[in-house]
1. Among the listed residues Ala399, Ala423, Ala417, identify the single one that is under 21 Å from Lys48 (Cβ atoms), away from ligand 2 (no atom under 16 Å from the Cβ) and among the hydrophobic types (A, V, I, L, M, F, W, C).
2. Within segment 325-346, restricting attention to residues that are part of a helix (DSSP H, G or I) and not acidic (Asp, Glu), which residue is farthest from Glu263 (Cα to Cα)?
3. Identify the single condition in (1) part of a helix (DSSP H, G or I); (2) on the phi > 0 side of the Ramachandran plot that Gly453 does not satisfy, given that it satisfies every other one.
4. Residues of segment 79-123 being assigned to a helix (DSSP H, G or I), under 26 Å from the mean Cα position of the chain (by Cα) and β-branched (Val, Ile, Thr), which ones?
5. Within segment 205-226, identify whether any single residue is among the aromatic types (Phe, Trp, Tyr) and in contact (Cβ under 8 Å) with a residue 60 or more places away in the chain, and answer yes or no.
6. Consider Ala284 against the criteria (1) within 14 Å of ligand 1 (Cβ to nearest atom); (2) in a helix (DSSP H, G or I); (3) touching a helix residue (DSSP H, G or I) at 6+ places or on another chain (Cβ under 8 Å): it satisfies all of them except one. Which criterion is unmet?
7. Answer yes or no as to whether Ala302 is touching a helix residue (DSSP H, G or I) at 6+ places or on another chain (Cβ under 9 Å) and either within 30 Å of Arg208 (Cα to Cα) or not assigned by TED's automatic domain parsing to the domain that holds Gly176 (or both).
8. Would you list the helices (runs of 4 or more DSSP H) that sit entirely within segment 459-514 and hold 1 or more residues that are within 17 Å of Gly431 (Cα to Cα) and not hydroxyl-bearing (Ser, Thr, Tyr)?
Amino acid sequence: MTCETLRFVLGDQLSPNVSSLADLDAASDVVLMVEVADETTYVRHHKKKIAFILSAMRHFAARLGEDGVTVDYVRLEDQGNTGSFREELARAVRRHRPRRVLVTEPGEYRVRADMDSWRDLVGVTVEIREDDRFLCSRAEFARWAGDRRQLRMEHFYRVMRRRYGVLLDSSGEPEGGKWNLDADNRKALPALVRPPAQPQFDSDCETREVLDLVDRRFGGHFGDLLPFDFAVTEEGAELAFDHFLQCALPQFGDYQDAMRQGEPVLFHSLIALYLNVGLLDPLAVIRRVEAAYRAGDVPLNAAEGYIRQVLGWREYVRGVYWLKMPDYAETNALNAQRPLPDFYWTGETRLNCLADVIGQTKHLAYAHHIQRLMVTGNFALLLGVAPKEVCEWYLAVYADAFEWVELPNTHGMALHADGGVMASKPYASSGAYIDRMSDYCSNCTYDVRKKAGPKACPFNYLYWNFLIENRARLEGNPRLAMPYRTLARMPEARLAEIRRDARAFMDQVTGAAAPVDAA
Ligand SMILES: Cc1cc2nc3c(=O)[nH]c(=O)nc-3n(C[C@H](O)[C@H](O)[C@H](O)COP(=O)(O)OP(=O)(O)OC[C@H]3O[C@@H](n4cnc5c(N)ncnc54)[C@H](O)[C@@H]3O)c2cc1C
Ligand code: SF4
């Protein structure tokens, strides 16, 4: 069998408008989709994440088939499946003998580097197209970054708002007079405010087959496979987003940074997984949020706060990733070397905030931004865990984790391992922040008001210890001037106490010494 063009669609390119499907000729072209072992195991992904991607791929292929497109779909357990993109492409080229291969650039540097060798491997032209589902191309971002000494999301975001004409008034200025309403978006969650229930999506036959496969093949991976209630089609993802618009967006802004025990999603949208595989289109999402604001259905702080995440942060982290890779992943500006505590994989810890966030991560393959940044991320930062170990964890455990978005957020924003490319100061904080923004501390074995001793909240002394350990690297940062002034006023006995508590705790959680009992 021969075809004109073999169009290779990867598992996070499930959009009908992806560039590799533009100008598709259903009469002469074949779409290739492959489930490969390399991608399911290069980190030990959460079972739900694998199930989500495989099921969404199968549904996307079926939809193309219904539209009259010939799809050559290789399943994970098909006989002869070699387990890698390159070998599966080579086999497909032998099957179809196309004149050329067309593919959209991938989301990972690792795969992009491999693609450069595909032309020689398969012996026909391999055209790699830009991924124009993003709103800022790699070249545009590089132009914007130019030779700026510092990249700052806030500046980039304003450029993007103007470029797409989002939330501007009639004179082209920001709606409401301010570009960023973050100051309004840091409220703690009052006990009486109840977040909406999440939509559940039933599994059809295809998804059930995938669930069986994942259970059989990846039973040893992190996380609970069931219940599985993600959407796996474009229509399902739209329904999930509709639900968010109606039930949660109005309060998204106010409670964006809040956390509550046993309430994993609160007023967040839980759509990153759909955006990242292509089931939702970011610009359509932004337009609908703006329309909800213009219709008077949601306040400006909610609409602006949400749009800033999608038009600002999402595009910005992708820009940083492609601008700085591959060196970016190798940086370790704070020289953090400690191992990741085992409880990141088990959830078994007496630190209640960590137990809750890791527990929900196991259960749902989801945590919202502040949980990722200020609980698991902050703790790994304060402990000085090696960035590669932390990044591997984040890449494995969240259903929305793809390296282009996971790495800058973890390596840069949470760990400051990039030395300040993503954020001008480390997001380090003591237990006071978690106490202010959640109810975790009231159910914890540790006491958030205590600064020293076995009952003290470990975030408290780890915070000061972090500043002590990194004094030479961070003391000159103007945004840390205040805590360093406080540190300078501490008596030597207090500094020794901090070091002693931190050392004992670190030895305990990294397995180097007998446990310090908080009870
Ligand atoms: C350490 C760490 C690791 C992260 N890893 C990932 C990851 O692997 N994949 C991922 O998509 N996001 C990641 N994020 C960003 C953010 O936490 C998630 O996008 C968000 O929690 C997803 O949940 P949601 O869809 O309910 O988002 P919402 O809070 O409802 O926000 C709406 C959308 O904005 C986008 N967004 C918000 N913040 C960011 C951000 N910082 N970077 C990029 N996009 C953003 C997402 O697409 C998200 O769906 C990470 C953040 C941190 C601190
Ligand atoms: S007391 Fe400390 S460890 Fe316990 S929940 Fe609060 S911040 Fe977390």
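1. Working: Ala423 fails: under 21 Å from Lys48 (Cβ atoms); Ala417 fails: under 21 Å from Lys48 (Cβ atoms).
Going through Ala399, Ala423, Ala417 in turn, just one is under 21 Å from Lys48 (Cβ atoms), away from ligand 2 (no atom under 16 Å from the Cβ) and among the hydrophobic types (A, V, I, L, M, F, W, C): Ala399.
2. At the first step, the residues of segment 325-346 found to be part of a helix (DSSP H, G or I) are 327-330, 343-346.
Narrowing further to those that are not acidic (Asp, Glu): 328-329, 343-346.
Working: Tyr328: 34, Ala329: 33, Phe343: 21, Tyr344: 19, Trp345: 20, Thr346: 19 Å.
Checking each candidate, the answer is Tyr328.
3. Against the list (1) part of a helix (DSSP H, G or I); (2) on the phi > 0 side of the Ramachandran plot, Gly453 comes up short only on (1).
4. Val111, the sole residue that qualifies.
5. Restricting attention to segment 205-226, the residues satisfying the condition of being among the aromatic types (Phe, Trp, Tyr) are 218, 222.
So of that shortlist, the ones also in contact (Cβ under 8 Å) with a residue 60 or more places away in the chain come out as 218, 222.
Yes: segment 205-226 contains one or more residues that are among the aromatic types (Phe, Trp, Tyr) and in contact (Cβ under 8 Å) with a residue 60 or more places away in the chain.
6. Unmet condition: (3).
7. No; evaluated as a whole, the condition is false for this residue.
8. Details: elements: 471-474, 481-489, 492-509.
Where helices (runs of 4 or more DSSP H) fall fully within segment 459-514 and carry at least 1 residues being within 17 Å of Gly431 (Cα to Cα) and not hydroxyl-bearing (Ser, Thr, Tyr), they are 481-489, 492-509.
The values are calculated or read from the model by the stated rules, or taken from the named source; none is laboratory data. Since this is a predicted model, take the numbers as computed values, not measurements. Ideal geometry is used to build each Cβ from the backbone, glycine not excepted, and the neighbour counts take in all protein chains shown.
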